[in-house]
1. Near A:MET23, within a Cβ-to-Cβ distance under 15 Å, what is the net charge of the other residues, with Lys and Arg +1 and Asp and Glu -1?
2. Volume per residue, Å³, of the convex hull around the alpha-carbon atoms of region A:12-52?
3. In whole angstrom, and with the biggest value first, how far do the Cα coordinates of region A:121-219 range along each principal axis?
4. How large is the direction-averaged shadow of the alpha-carbon convex hull of region A:153-290, in nm²?
5. Along its three principal axes, how long is region B:288-341 when you only count alpha carbons? Whole Å, largest extent first please.
6. Put one equal scatterer on each alpha carbon of region B:331-470, apply the Debye formula with no solvent term, and list log10 I(q)/I(0) at q = 0.09, 0.11, 0.20 1/Å to two decimals.
7. Bin by bin, in steps of 10 Å, what percent of the Cα pairs in chain B do you find, going until the bin that has the longest distance?
8. Mind checking region B:449-500 for GluC sites (Glu not before Pro) that DSSP puts in a loop (not H, G, I, E or B) and that have at most 12 other Cβ atoms within 10 Å?
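Please treat every number below as a calculation from the coordinates, not as lab data. Treat the numbers as computed from the prediction; the structure is a model and nothing was measured. Methodologically, a virtual Cβ is constructed for each residue, glycine included, from the backbone with ideal geometry; neighbour enumeration extends over all protein chains shown.
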Amino acid sequence: MDTLTNVISTAIDAGAVIVFAGMGELLLERTGVLNLGLEGIIAIGAASAVLAAQWASSPFIALGVAILVGAGMGVVFMLTTVVFRANQVLSGLALFLVGTGLAAHLGGPVTGNPSPLTFESVPIPGLAEIPYLGPALFDHDVLVYFGYFIMPFIVWFLLNRTRHGINLRAIGEDPSAADATGVSVMGIRSFYAILGGALAGIGGATLSLAFTPGWTPNVVAGRGWIALAVVIFAMWRPGRLVVGAVLFGALISVSFIAQDRGWNIPGQVLNMLPYLITLALIVVAVLRNLGKRATVAPAALAVPFFREER
Amino acid sequence: MSESADRQPPFVLVEGLTKTFDQLVALDHVNLDLKEGEIHALLGENGAGKTTLSNILAGIYRADSGDVMIGGELVHFRSPADAIAGGVGMVHQHFQLVPSMTVAENLMMGWEQSPRVFSMSDLKERSAAIIEEYDLPVDPGARIFDLSVGKQQRVEIVRTLARGAQLLILDEPTAVLTPEETEELFEVLRRLAAGGRTVIFISHKLNEVLSIADRITILRSGKHMATIPGANATVDRLAQLMTGSETPIEAVSQTGPAKAGEAVLTVRDLHALSSRGLPALRGVDLTVRSGEIVGIAGVSGNGQTELAEIIVGIRAGTSGQVLVTTEGTTQPPTPGQIGIGHIPEDRMEHALVGVASTTRNAVTRRYRTAELSTKTRLRWGPIREYAQEVIKDGRVQVREVDAPVAQLSGGNQQRLVATREAKVADEFLLAVHPTFGLDVQATAEVRQTLQDKRNAGAGVLLISEDLDEVLAMSDRLVVMYGGEVLGGFTRGEFDRDRIGLLMGGHREAAGE
Ligand SMILES: Nc1ncnc2c1ncn2[C@@H]1O[C@H](COP(=O)(O)OP(=O)(O)OP(=O)(O)O)[C@@H](O)[C@H]1O
Ligand SMILES: [Mg+2]
């Protein structure tokens, strides 16, 4: 039973990066823009957070730096894809390469050192004492609380209970219809490109300031790509995204615990697990929608919008 | 329109409006005045500039030069939002609705006056109130893709009105409507005009224009030809102003009895599901023989789309049999099969690649043949020649054959598709709404093409919502209702009333 508590607790911590980066991506994709560069933005967010932690007085300042840097990457992506309407797939891949490379370069001087500032666990009084459940769910850092317990509700509310949410979804389904009724396609897409960058930046910070404090070039280890997959698995719904994030966090945490306890499974297999399952789940998600022509994906995903055209 | 309205200053005044696309002059110093409370029809051949003019008024395109005054003030709309704020709303040829979202959401989308934050019931109530106000009943909770085209159009109109449109522009609104829906729309337009709103109405159907328009403006090749009161207009005069030629357009008629031969299409007990997984076809039986035109009448959404797609091999049924005969072999259809032509319901979806050039689009059915390509290369010389042939035969007005086909006017796109498909249909032609969006002249030409195909021995299956078209063209006629084929009439014994009843689902009218 202790092991299970442990697995869940670690799963939640490990999944935080996916919750943040995935939520930003989910919103952006709902507006019809696909950013494949998450991995790169997370990396640069993680590196800049550790660098900031060298001089900052509080982990929140380091987090702020990661947010700004992530948002900056979002601005770059916005300029190329929303303003200049370049191919979103290629722009995203470029962002991934640039971000990953830049992060390795910037983080060079602090590679391998533990981060001087970290986000520590803050047990929630009362709830954290519940046997088993308490330590699993209510003994985490503030980023986790916000990402899992607050953000999904905000996003759900935004999407389903606000005028802005209607406009946002309309853009992702049919930008020219949205445009014709007076929705600012460029404005909203730009905003979410930047917000998506900022949230991926936070995702990076959860890695380097909380989950595995410190910077190493492989700290991100494909979680940006997994976040992209989880968005599909979640069928673009915030609640399901959280479930997906915990699920993948669990796979990561199982491999941690297995190594820790010396279970007799080759490490490579364990490390492979999250990616294999991602592949499997995507196939399942796609198969389930096969045959239905009306899919759940935003209809205009990855299609640039030009007004003076039919 | 009353006498007093005649003396009012114009509500909308357009002066010297010019718009060019590259070198093409789409509008050439166009003048137009609209009075408050009038229904003003815009007429013109395909490519005359009707949609372009409307798009400028609605803030979608910007004019190169010229003035637009509304209510005595000069306006410069930079976006549709601007135009809406300025009291101009447009219902497009392609509806600007998000199909997967609800009526209520579509009404509230992009509107400052919709609540910033709401509950589900709140949203529905507000929408219901708006719908009530304009008396255009439609369920606010329904998703757009569950609604008939007529209902979808209502949503568009309600949305435009709710945003305070004083000028309502409707671009070919009746092209997609059944006769009853058209009548309902006209009631609505008359009511709106009586309430002081101004309406621009675009249509290729001259009798519609004559029945509803207070005044009619005719455009030809981007130029303003005339504005005449509806009461003084006649079909001949309008046609003459549109085309510039004196000769009246002759109606296409049957050229002799059918010399029907062997079956080219056989459909047996066909069942199929719609894209949304609901039963769409429930045991359809149908035969088309060479040398005859078989018409399928019926309100759209009764399985025609699914049937058509299965016949040309781009959709699968759940059970039953479909066989086509080409070059002496009888087999299930394969997409793009030689000898079979397909004029689809939605040209942009199933016939044209919008971003590809007109030349490329003109040869998509033929480029694999030996004349147009070797195993590894395209023969650009012959390809251009063949494309020119299609363009010439279909009288497709195109300035630059290498520019994207999406830039052609709606009617010219349709001409291109119809001609291209007819040219390859040596054995069988499936024509779904083949004259959709075509002007009077082009409609006559496409109908003639179908007749020619039949006379040359091809089998033609004509699916159309336009009952007049089906009655005029068919050797045999059936009705589709609820995924079934009802009745069976041969030329000479077409009974309009019984066909009408069958279209409404009154099976007993099938008789014997
Ligand atoms: N975005 C565009 N780019 C280039 N050319 C265009 C564009 N829009 C329209 N045109 C051209 O302008 C001319 C007028 O087109 P328009 O769509 O206004 O015609 P229309 O009168 O509405 O015709 P139809 O009855 O066929 O709908 C056409 O020759 C068309 O090819
Ligand atoms: Mg048009």
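1. Cβ neighbours under 15 Å give a net charge of +2.
2. On the way: hull volume 2.8 nm³, N = 41.
Taking the convex hull of the Cα positions in region A:12-52, it is 69 Å³ per residue.
3. Ordered largest first, region A:121-219 gives principal extents of 55, 36, 15 Å.
4. Taking a quarter of the hull surface, the average projection is 10.6 nm².
5. 34, 27, 19
6. Log-scaled intensity ratios, in q order: -0.25, -0.38, -1.26.
7. 4, 17, 27, 26, 18, 7, 1, 0
8. Details: sites: B:GLU465, B:GLU469, B:GLU484, B:GLU493; in loops: B:GLU465, B:GLU493.
Answer in residue order: B:GLU493.
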